[in-house]
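Before any comments, here is the structure.
The values are calculated or read from the model by the stated rules, or taken from the named source; none is laboratory data. Since we're looking at a predicted model, the values are computed, not measured. No Cβ is skipped: glycine too gets one built from the backbone with ideal geometry, and neighbour counts run over all protein chains shown. Note: accessible area is taken over every heavy atom of the protein model, side chains too, but ligands, DNA and RNA are not part of it. Shrake-Rupley method; radii C 1.70, N 1.55, O 1.52, S 1.80 Å.
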Amino acid sequence: KARIAIFISGTGTNMAALLYAGLLETSRYDVVLVASNVPDAQGLEIARAEGIETFVHSHKGHSREEHDAAMEAALIASETEYLVLAGYMRILSDDFVRRWEGRILNIHPSLLPKYKGLDTFARAIAAGDSHAGASVHIVTPELDAGEVLAQAKVAIRECETPQTLAERVKYAEHQLFPRAVTDYVSRPYDARYVYERVRDIALALPETH
Ligand code: GAR
């Protein structure tokens with residue numbers, strides 16, 4: 001089974017959805033670590049109660065690089081293969097993302113490429129969109145811009161407020177995220193990466209006749 005770590009900053013309901021899906025017998029992954037930049041993040045309690053290792057390192061008083069280094073040391077110590085961001089409200093440094101390239105997934109509460117960043121629900125309602133939703137994507141140095149792996153759509157009702165929409169999108173996220181993580185960790189091992197590298201090497205070779 002793939003070893004995944006989850007970073008959270010808040011309530012951790014997506015972390016819990018991932019955790020409980022991971023405990024099912026047929027699961028393709030184990031949650032080996034839950035880490036947070038917020039010492040009293042509610043999700044940490046859930047993880048501890050389930051006997052999952054937790055790690056806390058406040059970002060306050062540290063540079064982004066220092067903070068990321070502490071979080072990364074915890075990932076390495078727990079032999080993490082994939083990092084899953086579930087409501088982790090910090091931007092990771094470019095170097096960190098490059099070191100973990102292709103091994104970090106994030107869930108974002110909009111139908112990307114629409115509404116990167118914050119206040120996604122208010123923006124979708126204000127725009128008169130028929131649907132909001134959530135996207136699971138690969139994390140790249142550019143914010144919310146990596147390849148989208150899966151999306152869940154949620155209809156916007158007449159009476160919707162950002163709060164009611166946020167709550168319903170979370171229900172959809174809890175279905176989407178464990179499936180997207182499962183698919184990603186079960187994909188044929190880095191087939192595309194290998195293909196691209198082999199092709200690059202072949203293109204760089206001097207022509208022989
Ligand atoms: C989720 O809705 C997630 O999409 C969002 O934070 C929420 C976390 O809820 N993530 C972002 O906004 C990332 N920029 P949770 O702590 O209950 O899982």
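Residues considered: LEU33, LEU75, LEU92. Of these, the only one that is under 21 Å from ILE138 (Cβ atoms) and in a helix (DSSP H, G or I) is LEU75.
Within the stretch 22-68, the residues that satisfy the criterion of being open to solvent by 20 Å² or more (accessible area, probe 1.4 Å) and either in contact (Cβ under 8 Å) with a residue 60 or more places away in the chain or of a type in the set (Gly, Ala, Ser) (or both) are ARG28, ALA49, GLY51, SER58, GLY61, SER63. When the stretch 99-133 is limited to residues that are under 19 Å from ARG3 (Cα atoms) and of a type outside the set (Gly, Ala, Ser), the one that is nearest to the ligand (Cβ to nearest atom) turns out to be ILE107.
For TYR20, the criteria (1) in contact with a strand residue (DSSP E or B) (Cβ under 7 Å, 6 or more places away or on another chain); (2) assigned to a helix (DSSP H, G or I); (3) closer than 25 Å to ARG179 by Cβ hold in every case but one, which is (1). Among the residues of this structure, PRO109 counts as one that is open to solvent by 10 Å² or more (accessible area, probe 1.4 Å) and under 21 Å from ASP183 (Cβ atoms).
Of all residues in the stretch 50-63, those that are away from the ligand (no atom under 16 Å from the Cβ) and either closer than 26 Å to ASP183 by Cβ or assigned to a helix (DSSP H, G or I) (or both) total 1. Could you go through the stretch 21-29 and let me know if any residue there is out of contact with any Cys (no Cβ under 7 Å at 6 or more places or on another chain), within 16 Å of the ligand (Cβ to nearest atom) and β-branched (Val, Ile, Thr). No: zero hits. When only residues in the stretch 72-92 that are within 16 Å of the ligand (Cβ to nearest atom) and open to solvent by less than 20 Å² (accessible area, probe 1.4 Å) count, which is farthest from the chain's Cα centre (by Cα)? Looking at the filtered set, the residue picked out is LEU92.
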